[in-house]
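What follows is one structure encoded as C-alpha cells, with my remarks underneath.
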Amino acid sequence: MSQVTDFIVIGSGVAGLRAAIEMATNGADVTVLTKDKANESNTEYAQGGVAVVLSDDDDAELHEGDTLIAGAGLCDEPAVEVLVNEGTRYIKELIEWGTEFDKEGGNLVFTQEAAHSRRRILHAHGDSTGAEFVRSLIARARQEKNITLLPFANTERLLVDESRCIGVRYLDPILRSPRDIFAKAVILCTGGAGQLYQHTTNPPVATGDGMAMAYFAGAEMADMEFIQFHPTALSLDGAPRFLLSEAMRGEGGILRNVNGERFMGRYDERLELAPRDIVSRSIVAEMRRTGSRYVYLDMTALDGKFLRHRFPKINEVCLQFGLNIAESQLPVSPASHYCMGGVRTDLWGRTTVPGLYAAGEVTCTGVHGANRLASNSLLEGLVWGARAGKAAANDELSSPVAKRAQTVSDNSAAIGDTRSAIATAVRKRVKRVMWERVGILRDRKSLLRAINEFEQIAGSNLSVSSRNFVTLALLIARAALWREESRGGHYRTDHPEQRLEFQRHSIQRISEPISSAQIVDFNATGPAKLRA
Ligand code: FAD
Ligand code: SIN
C-alpha cells in the first residue's frame, strides 16, 4: 500500500519541525515521519541554549569569528554568515511564536559557553532549552492543518527513481510492515549519530539512519570523521550518560582530577572554557594519569540556591543518583555528542540527489567545520530547516509526484522482527569498536582494525537498519583513516599536527572511493553544480 503527499519530512526535531512549518505556510501538504514520539529527539534534550547575536555588546562579526576559530580552518564562510545573520531573525520569530527564553527584570539573559567571546547563549527553564524549542515548534506546527505527523514511523530507506528521490519506505507502526510514501521532495532531518558510540549523551533515536539512507541513495557525504565528544557526561555506575551542560563551567564550575587537583591549567590557558575537543582530551589524559574512569566537575564554590534555579533539570537528575550539585563532586567523563559531518548540502539544504533536501545535524553545511562552537546547532537547525523548506517549496511545489512501484529486495519487517537479537549484538559490537578504535584518540592501526571488522559485519546478512548502522561506522572510520592529521574533533595520535594539505573536506559517495573537496566555495562547487 502506498500514499502520496506534497512533501515528506523525516524527523521532528528543530530542523524537521521548522522545515514542515515553512512548507505548510507555502500551501503544501506535508507529512512528517518520526521514529518515536514527536518530541523524542536530540533537540528535546538540548540544555545549554542557543547562540544568537541579540545582546547590546555583541555583533554578527564576533559570532562569525568565534565560529570560524572553533571550526579550525574547515568552516565554509558563506554558510557561517548565513547562520549568524539569519539566526537572529529566526530566533525573534520563535519568540513571537511563544518560545519562552529566560529573562531577568523583563530582559533576556545570556550565558557563557566555551570559545564564545561574548555571553550570547539564550536558555529556557534554566537548562531545558531544547524541550522549550520542541514545545513551541510542535504547538506552531499544530496550527497548520496541512501538516500530518506520523509518530513511530521508522524510515529505513529513500526511494530513488532515475537518480531522483521520490519518496520513502517506512515501517508501519501498527501493521509492522513496510509502507511507501511518494512526494515531490523529501526533507531529511533525522539528526545525528551519537548512538554509534558506546558512551553518548544522545537519546536512543540518534542512530544516524538518515545519513546512511542518503548515502545509499547516492548523496555525497562530507567530513564524516569529525565527531564532537562532550567533556562532561555523568559517569556513575548505573546512571545514564546524562549531560552536565557546558553552561555549568560557563557559570564557574571547575574540573578536578580524582586527587582533587584542578588540572586544566596543564593543558590550555582558557582552562575549563577551552574548546570541547581540548577539554575532552585533557580529561582523558588526566584519567590515564590517575588511573581513574572519571574526573570531577566541581560546582561547590557556587551558591546552592543559584545552582538549583539555574540548572533545575540537572539538579533533579543528579539527586536521583544521590548527588547534590551544590555539595557533591560530580563524576564526569567524555561521551560522543555531535556529528559535524553528514550529508553535504548547499546554502539552501539541497543535497547532491535531486528531490532530496536536508537540514540540521544530519547535514554538513560547512557551518561547523572541524569542531562545532557550543550552542550553534539549535540555531543551524532553525535556519536551515526554514531554508530547506523554502527551497523545496520553491523548486518542487509545482512538480508532479513521481509515483513508481519500487521493487523490494528485502523484507525489512520480517528481518527486523525475527533477527532483533542479531541486530542488538551487531549494534553492541559496533558501538564498542567505535568507542575503542574510532574515538577521541585514533591512529592508523586502530582505524584499520575497526574498518576490517566493520567490513566483515557489513558483508553478513543484515537487516536494513543494521546495515545502515554499520555502514555509517565504516564511513566515519574510513574518513578518519584518510585524514592523516589532527584538527578540531579529529585527533590522530600518529599525526598530532595540523597539516595544510588536509585543509580540505573529505567526501564519500557510494559509487566512488574517498576523495576530497576544496575549502573555497564548498557550497558553490557542491550540490548546485553536481545537480545541474
Ligand atoms: P534531532 O533533534 O535529533 O531530530 C531528529 C529526528 O529524526 C527525531 O525526531 C528522530 O526521531 C527522527 N529520526 C531519526 N531517525 C529516523 C528514522 N529512521 N525514521 C524516522 N525518524 C527518524 N545544541 C545546541 O545548539 N545547544 C545545546 O544546548 C545543545 N545541548 C545538547 C544536549 C544534548 C544532551 C544533546 C544530545 C545535544 C545537544 N545539542 C545542543 C545538539 C542539538 O540538540 C542537536 O544538534 C539538534 O537538536 C539536532 O536537531 P535536528 O532537528 O537536526 O535533529
Ligand atoms: C551543553 O549544554 O553543554 C551542550 C551545548 C551544545 O552541545 O551545544
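The values are calculated or read from the model by the stated rules, or taken from the named source; none is laboratory data. The structure presented is a predicted model; accordingly, all values stated were derived computationally and were not measured. Note that we place each Cβ from the backbone using ideal geometry, even for glycine, and neighbour counts take in every protein chain shown. Surface areas here come from the heavy atoms of the whole protein model, side chains and all, with no ligands, DNA or RNA. Shrake-Rupley method; radii C 1.70, N 1.55, O 1.52, S 1.80 Å.
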Among 226, 314, 274 the positive-end extreme of the charge dipole of the range 226-341 (Cβ point charges): 226
- prompt: How big is the range 11-155 in terms of Cα radius of gyration and Dmax, in angstroms?
  reply: 16.3, 46
Those GluC sites (Glu not before Pro) in the range 455-506 that DSSP places in a loop and that have at most 15 other beta carbons within 10 Å: 484, 497
- prompt: So what is the accessible area of the range 198-314 per residue, in Å², with the probe set to 1.4 Å?
  reply: 36 Å²
query: How much of the accessible area of the chain, probe 1.4 Å, is carbon plus sulfur, in whole percent?
result: 49 percent
- line: quick shape note, the range 107-170: Cα extents on principal axes in Å, largest first -> 50, 31, 19
- prompt: Once you charge only the Cβ atoms, +1 for Lys and Arg and -1 for Asp and Glu, what is the size of the charge dipole of the range 416-480 about its Cα centre, to the nearest 20 debye?
  reply: 180 debye
- request: Work out how much length residue 432 to residue 316 would gain on full extension: take 0.36 nm times their residue separation and subtract the Cα-Cα distance, in nm to one decimal.
  value: 38.8 nm
field: Whole-number accessible area per residue in Å² for the range 1-127, which is evaluated in the context of all protein chains at 1.4 Å
entry: 36 Å²
statement: Full extension between residue 300 and residue 163 adds, at 0.36 nm per residue less the Cα distance, a length in nm of 43.5 nm
message: Using a Förster radius of 35 Å, what is the FRET efficiency between residue 267 and residue 445 based on their Cβ-Cβ separation? Nearest 0.05, please.
response: 0.90
- prompt: Taking the Cα-to-Cβ direction at residue 424 and at residue 327 and moving 7 Å from each Cα, how far apart do the two end points lie in nm?
  reply: 3.9 nm
field: Whole-number percent relative contact order across the chain, with pairs defined as alpha carbons under 8 Å at least 6 apart
entry: 22 percent
field: Relative contact order (%) - the range 282-342, alpha-carbon pairs under 8 angstrom, separation at least six
entry: 42 percent
Of 381, 186, 287, farthest towards positive along the dipole that unit charges on Lys, Arg, Asp, Glu beta carbons give the chain: 287
- prompt: Could you give the semi-axes, largest first, of the ellipsoid that matches the range 201-333, computed as the square roots of 5 times the alpha carbon gyration tensor eigenvalues and rounded to whole Å?
  reply: 30, 19, 14
message: Can you tell me the mean projection area, over all orientations, of the convex hull of the chain's alpha carbons? Units nm², please.
response: 23.0 nm²
task: Let me know the charge dipole size of the range 84-146 about its Cα centre in debye, to the nearest 20, where only the beta-carbon of Lys, Arg (+1) and Asp, Glu (-1) is charged.
output: 160 debye
- prompt: Taking only the alpha-carbon atoms of the range 90-200, what semi-axes of the equivalent ellipsoid follow from 5 times the gyration tensor eigenvalues under a square root, in whole Å, largest first?
  reply: 36, 19, 14
- request: Filter the trypsin sites (Lys or Arg not before Pro) in the range 13-121 down to the DSSP loop ones having no more than 12 other Cβ atoms within 10 Å, then list what survives.
  value: 37
For peptides 351-359, 134-142, 284-292, sequence by mean Cβ density within 10 Å, most packed first: 351-359, 134-142, 284-292
- prompt: Going down the list 37/403; 184/390; 37/313; 390/431; 92/184, which pairs span over 25 Å between their C-alpha atoms?
  reply: 37/403; 390/431; 92/184
query: For the range 12-67, rounded, prolate or oblate, judged on the Cα gyration tensor with a ≥ b ≥ c (square roots of eigenvalues), a/c < 1.5 rounded, else prolate if a/b > b/c?
result: oblate
- request: Whole Å is fine, so just give me how far the alpha carbon centre of the range 311-380 lies from that of the range 441-518.
  value: 20 Å
- prompt: What value, in deg cm²/dmol to 500, does the helix sum -39500 (n - 2.57) over DSSP H runs of n ≥ 4 give at 222 nm once divided by the residues of the chain?
  reply: -11000 deg cm²/dmol
task: Please give, to one decimal in nm, the separation of the simple spin-label points placed at residue 497 and residue 104, each 7 Å out from Cα toward the Cβ.
output: 4.7 nm
query: Which length gain, in nm to one decimal place, applies between residue 118 and residue 175 when the Cα-Cα distance is subtracted from 0.36 nm times their residue separation?
result: 15.3 nm
message: Can you compute the charge dipole magnitude of the range 167-277 about its Cα centre, using +1 on each Lys and Arg Cβ and -1 on each Asp and Glu Cβ, nothing else charged? Give it in debye, rounded to the nearest 20.
response: 300 debye
